[in-house]
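Notes follow the structure.
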Amino acid sequence: MKVEQLTCSIGAELTGVHLADAIRDDRLFADIRAALLEHRVLFLRDQDITRAEHVAFARRFGELEDHPVAGSDPEHPGLVRIYKNPEQPNDRYENAWHADATWREAPQFGAVLRCVECPPVGGDTMWANMALAYEKLPGHVKAQIAGLRARHSIEASFGAAMPVEKRLALKAQYPDAEHPVVRTHPETGEKVLFVSAFTTHFTNYHTPERVRYGQDANPGAGDLLRYLMSQAYIPEYQVRWRWKPNSVAIWDNRSTQHYAVMDYPPCHRKMERAGIIGDKPY
């Protein structure tokens, strides 16, 4: 296996490896996992694997989970189908910078995403290094956000376009989760900036130390949250991957965010993702 770093801050392409072999080869899998921790997102070309092999490889990292809104392959639980096509013009909504499933009490560890079909050009995906984003914050901002916590909501994101009854039922099933604004990576010990498109508001901002009067709370908190979310937009923290059929991306959801670029209508784009259950941020 060869590892080629793609940017100075995030991402590497693996060559000389077939993911189906890593299902049974412990040493190969250990090398892939070590590369993932180092580079945060890994890319591979020409991975002509079956859905069963896709799921089996992803399960080496941990158990998989379905998505309550996006459909899964009926024969392979945990393999979410992200299919976009011109015949569904109202299903073109795509993206904001986010880490997957932060609206869960235990957001995902990471994911293995394979391209089934993609446009001849366009439909790239970008990732950002949120450990570096935290590291580069000014000192006074780090002091300001130390100890802050925030809510993450599926209702305000996936549920927003639903009829009110369905949206409230979704929230009842998946109540808003509360996470630290700065989480600690459970394996590397790094501090990671942990707010994204699923984040709605801080839950412990309104204190006498931060707010003179109640009217200060909303604009002060909102401005700070928007500033923190905008850190993912910085090109120096990013890598961009151009898809081809049978290309694969593996990423650490605990220290990255990603963005699926929506520049390809009216083409098809079909992706399949195995999301790996993670742990509760601290």
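The values are calculated or read from the model by the stated rules, or taken from the named source; none is laboratory data. The model shown is predicted, which means the values in this text are computed figures rather than measured ones. Cβ placement follows ideal geometry from the backbone for every residue including glycine, while neighbour counts extend to all protein chains displayed.
Okay, residues lined up against (1) surrounded by 15 or more Cβ atoms within 10 Å (Cβ to Cβ); (2) touching a helix residue (DSSP H, G or I) at 6+ places or on another chain (Cβ under 9 Å); (3) among the acidic types (Asp, Glu):
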| position | (1), (2), (3) |
| --- | --- |
| PHE109 | yes, no, no |
| LEU113 | yes, no, no |
| VAL116 | yes, no, no |
| PRO119 | yes, no, no |
| THR125 | yes, no, no |
| ASN129 | yes, yes, no |
| ALA133 | yes, yes, no |
| PRO138 | no, no, no |
| GLN144 | yes, yes, no |
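Of everything in the range 244-261, what is outside any strand (DSSP E or B), over 17 Å from LEU64 (Cα atoms) and under 16 Å from the mean Cα position of the chain (by Cα)? Give them in sequence order.
SER255, VAL261
Among the residues of the range 255-272, is any of a type outside the set (Lys, Arg), farther than 30 Å from PRO119 by Cβ, in contact with a strand residue (DSSP E or B) (Cβ under 7 Å, 6 or more places away or on another chain) and in contact (Cβ under 8 Å) with a residue 60 or more places away in the chain?
No.
So which residues in the range 188-221 are modelled with pLDDT of 95 or more and surrounded by fewer than 14 Cβ atoms within 10 Å (Cβ to Cβ)?
Of everything in the range 188-221, those that are modelled with pLDDT of 95 or more and surrounded by fewer than 14 Cβ atoms within 10 Å (Cβ to Cβ) turn out to be GLY189, ASN204.
Inside the range 125-185, counting only helices (runs of 4 or more DSSP H) that do not spill past its ends, which hold 1 or more residues that are among the acidic types (Asp, Glu), free of Cβ contacts under 8 Å to residues at least 12 places away in the same chain and out of contact with any Phe, Trp or Tyr (no Cβ under 8 Å at 6 or more places or on another chain)?
Correct list: 164-173.
Restricting attention to the range 125-179, report how many residues are over 16 Å from HIS67 (Cβ atoms) and aromatic (Phe, Trp, Tyr).
Result for the range 125-179: 2.
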